[in-house]
Amino acid sequence: MYLVSTLKRTGPTNQLLNLVSRVNSKYEVVVVTLSPEESDSLKSDFVGKGIQVRTLNLSRLAGLFFSAKALKKIIADEKPDIIHTQGVRSDSLAVKVSSTTPCIATVRNFPQLDLPMTYGSFKGKLLELAQLKALREMSAVCGVSKAVTQNLIQYYGLKNVTCVLNGVDTERYNPVSSAVKKEFRERLDLPVSDYQFVSTGHLSGRKNPARLIKAFKEAFGESEEVSLVLVGGGELESECKLLAKDLNIHFTGRVTNVSDYLAASDCFVSASLAEGMPNAALEAMASGLPVILSDIPPHKEIFELNSNVGYQFRLNELDELALKLKNMTSNNRNSYTAALSNIIDSELSADVMASRYMSLYQSTLKA
């Protein structure tokens, strides 16, 4: 049983889909959500892959009073061997109602940093404490990167922690030829340029898009030979558009066809301040794109696996990022092909991730 808040279209939900669609071929699987789905949901994708989805269908407020009883009923119906959770609400609820079924949690962030950044200092601290209490009662806790795993061990003193790296769906994200790239650019009505950078994700302070725009301006000015496509929406969209005025930068807003924009591009860039194990970078590499990434720990892990997939730059060093952008345009994208293929196939594919989780399930049941 997989327990989550909702199946909203996010990176963690895509990771869950990657996992359960593969586990579903060997084991019985049920996904249980806590709250009603909104319009931007991936529920149909789960159902389309033959995955059973049940829901408590409770608002956050109603869930405070009725979720435990409702989940107990579903557990009694389904009789799961293992409950796998992601998210503070799911983690807390699982250990509250499940006295005999082993519970495993996946942690995708640095709680002490990301929760206050997302919810504010007071609410973020309360959520952090609630999650920590739940994680201590889990049979196992999985960090999605070595950095996340080490943080759980060193900062929180957790003992029951292992690492299972995120994995990308290589059926959905894969390299295309230069001719096909051109077709995608025309189809998506993207700026005409000789070289195209792309950055995907929420336009928020955590993703640091303003810094990327400023570096792009320093590197290329108003040149039409190089373009940047920012895929995604968010609270900083208006501010970013002002910064990008007169530059060869295109904003897509929130889209459902990220893979098309990756297929149309030459290089992926992230100036992010914090990540777990970045889905966006994995999707880009699986699409054959070299990467330019800030030197936060999860990004560093990618280069530790294979240093030939692109460039790193020191976080918030605008001049260094601008230089790496310029250097990348003079490189042959095909020179990165072997390294990108190797890192995805050996470490960062959804198949590898699912295999590692299934091994963890088996060892947990034997414990």
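State which residue pairs qualify: first residue more than 21 Å from Leu348 (Cα to Cα) and part of a loop (DSSP other than H, G, I, E, B) and inside region 128-153, second residue among the polar types (S, T, N, Q) and open to solvent by less than 10 Å² (accessible area, probe 1.4 Å) in any location, beta carbons under 9 Å apart, and separation of 6 or more residues or different chains. If the second residue must be among the polar types (S, T, N, Q) and open to solvent by less than 10 Å² (accessible area, probe 1.4 Å), the pairs left are Met138/Thr85. Looking across region 56-93, the residues that are of a type outside the set (Val, Ile, Thr) and either at positive phi or outside any helix (DSSP H, G or I) (or both) come down to Leu56, Asn57, Leu58, Ser59, Lys79, Pro80, Asp81, His84, Gln86, Gly87.
Mind listing just one residue for me: the one in region 94-108 that is touching an Asp or Glu at 6+ places or on another chain (Cβ under 8 Å) and not in a helix (DSSP H, G or I) and, of those, surrounded by the most Cβ atoms within 10 Å (Cβ to Cβ)? Applying the filter and picking the extreme gives Ala105. If you check Lys326, Lys366 for being touching a residue at least 24 places away in the same chain (Cβ under 8 Å), surrounded by fewer than 17 Cβ atoms within 10 Å (Cβ to Cβ) and either in contact with a His (Cβ under 8 Å, 6 or more places away or on another chain) or among the basic types (Lys, Arg) (or both), only one passes: Lys326. Within region 256-268, the set of residues being in contact with a strand residue (DSSP E or B) (Cβ under 6 Å, 6 or more places away or on another chain) and either among the charged types (D, E, K, R) or assigned to a loop (DSSP other than H, G, I, E, B) (or both) comprises Ser265, Asp266.
Among the residues of region 197-240, just one is open to solvent by 20 Å² or more (accessible area, probe 1.4 Å), touching a strand residue (DSSP E or B) at 6+ places or on another chain (Cβ under 6 Å) and either aliphatic (A, V, I, L, M) or farther than 15 Å from Ala281 by Cα (or both), namely Phe220.
Counting only residues that are open to solvent by 10 Å² or more (accessible area, probe 1.4 Å), without any contact (Cβ under 8 Å) to a residue 60 or more places away in the chain, in contact with a Ser or Thr (Cβ under 9 Å, 6 or more places away or on another chain) and not in a helix (DSSP H, G or I), region 297-316 holds 4 of them.
Can you tell me which residues in region 22-50 are modelled with pLDDT of 95 or more, out of contact with any strand residue (DSSP E or B) (no Cβ under 7 Å at 6 or more places or on another chain) and of a type in the set (Ser, Thr, Tyr)? Result: Ser35, Ser44. If the condition is being open to solvent by less than 20 Å² (accessible area, probe 1.4 Å) and under 25 Å from Val352 (Cβ atoms), then region 266-279 contributes Cys267, Phe268, Ser270, Ser272, Ala274, Glu275, Gly276, Met277, Pro278. Condition first: of a type in the set (Asp, Glu) and either farther than 18 Å from Tyr155 by Cα or touching a helix residue (DSSP H, G or I) at 6+ places or on another chain (Cβ under 6 Å) (or both). Now tell me which residues in region 114-138 satisfy that. Once the filter is applied, which keeps residues that are of a type in the set (Asp, Glu) and either farther than 18 Å from Tyr155 by Cα or touching a helix residue (DSSP H, G or I) at 6+ places or on another chain (Cβ under 6 Å) (or both), region 114-138 yields Glu128, Glu137. Checking region 286-295 against the condition returns a match, with at least one residue being outside any strand (DSSP E or B), polar (S, T, N, Q) and over 23 Å from Met117 (Cβ atoms).
The condition of being farther than 29 Å from Asn151 by Cβ, over 24 Å from the mean Cα position of the chain (by Cα), without any contact (Cβ under 8 Å) to a residue 24 or more places away in the chain and assigned to a helix (DSSP H, G or I) does not hold for Lys214.
If you go through region 340-350 and keep only what is in contact with a Pro (Cβ under 9 Å, 6 or more places away or on another chain) and open to solvent by 10 Å² or more (accessible area, probe 1.4 Å), you end up with just Ser341. What about Thr149, is it closer than 26 Å to Val23 by Cβ and open to solvent by 20 Å² or more (accessible area, probe 1.4 Å)? So Thr149 does not fit the description; no. Met285 meets the conditions (1) open to solvent by 10 Å² or more (accessible area, probe 1.4 Å); (2) in contact with a helix residue (DSSP H, G or I) (Cβ under 9 Å, 6 or more places away or on another chain); (3) closer than 20 Å to Pro12 by Cα; (4) not small (Gly, Ala, Ser) in every case but one. The failed one is (1).
The values are calculated or read from the model by the stated rules, or taken from the named source; none is laboratory data. All values reported here derive from a predicted model rather than from experimental measurement. Note that we place each Cβ from the backbone using ideal geometry, even for glycine, and neighbour counts take in every protein chain shown. Surface accessibility is based on the protein's heavy atoms, side chains included, excluding ligands, DNA and RNA. Shrake-Rupley method; radii C 1.70, N 1.55, O 1.52, S 1.80 Å.
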